[in-house]
Amino acid sequence: IMQRFCQLHPLPKTRGRPRLYPEALILTLALLQVRNNASWRQLRYACAPEALPTHALPALGTLVYRIHTIPDERWHQLLAWLAQQGMALEEATTDTPYAMVDGTGVGYATLFYAQFRRGAQIRQLCSHVKVVAVGNWQGGRVWLVGVGLGQPYADEGKLLGEWVQVYGRGGLPVGTLLVGDGLYGHRAQLLEALEQAGWLPVARVSEGVCHGVRSLSRLRARARAQAHPDVLRGRYRIEQVFGSVKGAYGSYVGSRSLRGARSRVWGMWVLWNLVGLVQVGGAGVFVWVVAPMIFRTASVDLDNMREDGVLYTRLCYCLAWCN
């Protein structure tokens, strides 16, 4: 899958020496690290040689540098491409598909908990990567069409506004309903920016103590919430995605720097779409380490393969990873 993505979306040519290791290998190793929750040394000397025994692997310093220097735009391009592939293969089972937006956080540098600290000391001790995710639902699985990362304690509304300025609707058609919580219902300028980009925001809008709702964008968002109550109640699905991703890969990453944490957080959301693409049959039989003699046909003779322990181990590894 990584090779197919890199072939369809090649990087622009730059000056200097050509990279010794292909981008598809670096992306695969980055996802493998997130999948196994491995340290850099565990990835280089244990996980990678076992999963990719026939590939030349970079040195430890080169591996860290290549993964850390993957730009956010490239991660987002991979995330959106996987989502588009999955949504094209998945049959829509609802008459009103819609998108959802919400924010969460993934911790890093959480070496210990200090309950006696308060306020600014807690912020200096415990850090997290702020995440704003946009997911599309058409009756089956929630596909993440966009993710924006920010500094610790960043404002979700600003992150969403920055994402919309760059990516617009994330490849979704004009007039798609975008469901948000009450935070977005209080942002009149953000709602106007979403409407200009082609979204139809849906959010609960509450009146003030002394004044009613005056902004036209907030009035339109409240009218859509009243016209589509089922869509508004379906916002819980994006929360389920957060719970599933954190349950599978953890609610914090073992990184002491924000740059290292961002690469792992990107890998978590990319893996969500990648596993979904496998489940809808968009990656052939299985994805990970593909042995041509194993995956040439859909049926596999496990009894004969048990004689070759290496190939049988790889197949079991693929089955466990896909599940």
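The values are calculated or read from the model by the stated rules, or taken from the named source; none is laboratory data. Keep in mind it's a predicted model, so treat the numbers as computed, not measured. Note: ideal-geometry Cβ built from the backbone for every residue, glycine included; neighbour counts use all protein chains shown.
Of note:
- Hits in the range 259-270 - residues which are touching a Phe, Trp or Tyr at 6+ places or on another chain (Cβ under 7 Å) and surrounded by fewer than 20 Cβ atoms within 10 Å (Cβ to Cβ): none
- Some residue of the range 90-97 being surrounded by 15 or more Cβ atoms within 10 Å (Cβ to Cβ) and either modelled with pLDDT of 90 or more or assigned to a helix (DSSP H, G or I) (or both): no
- Tabulated pairs, the range 138-163, first without any contact (Cβ under 8 Å) to a residue 24 or more places away in the chain, second outside any helix (DSSP H, G or I) and not aromatic (Phe, Trp, Tyr), C-beta under 7 angstrom, 6+ apart or interchain: Gly148/Val132; Gly150/Lys130; Glu162/Gly148
- Selection count where residues are in contact with a helix residue (DSSP H, G or I) (Cβ under 7 Å, 6 or more places away or on another chain) and under 16 Å from Leu190 (Cα atoms), scope the range 215-229: 4
- Restricted to the range 157-204, and to residues there that are hydrophobic (A, V, I, L, M, F, W, C) and under 15 Å from Arg235 (Cα atoms), the residue that is surrounded by the fewest Cβ atoms within 10 Å (Cβ to Cβ) is Leu183.
- Any pair with Cβ under 6 angstrom, 6 or more apart, that starts in the range 178-200 at a residue that is β-branched (Val, Ile, Thr) and ends at one that is part of a loop (DSSP other than H, G, I, E, B): Val179/Arg235
- Selection over the range 59-89 of residues that are closer than 17 Å to Glu23 by Cβ and assigned to a helix (DSSP H, G or I) gives a count of 18.
- Among the residues of the range 201-239, those that are in contact with a strand residue (DSSP E or B) (Cβ under 9 Å, 6 or more places away or on another chain) and in contact (Cβ under 8 Å) with a residue 60 or more places away in the chain comprise Val202, His228, Val231, Gly234, Arg235, Arg237, Ile238, Glu239.
- Hits in the range 33-68 (condition: aliphatic (A, V, I, L, M) and crowded, with 16+ Cβ neighbours inside 10 Å): Val34, Ala38, Leu43, Ala48, Ala51, Leu52, Leu57, Leu63, Val64, Ile67
- Looking across the range 225-247 at every residue that is basic (Lys, Arg) and either under 18 Å from the mean Cα position of the chain (by Cα) or over 18 Å from Gly135 (Cβ atoms) (or both), the one that is surrounded by the fewest Cβ atoms within 10 Å (Cβ to Cβ) is identified as Lys246.
- Verdict on Ala56 being assigned to a helix (DSSP H, G or I), touching a residue at least 12 places away in the same chain (Cβ under 8 Å) and of a type outside the set (Asp, Glu): no
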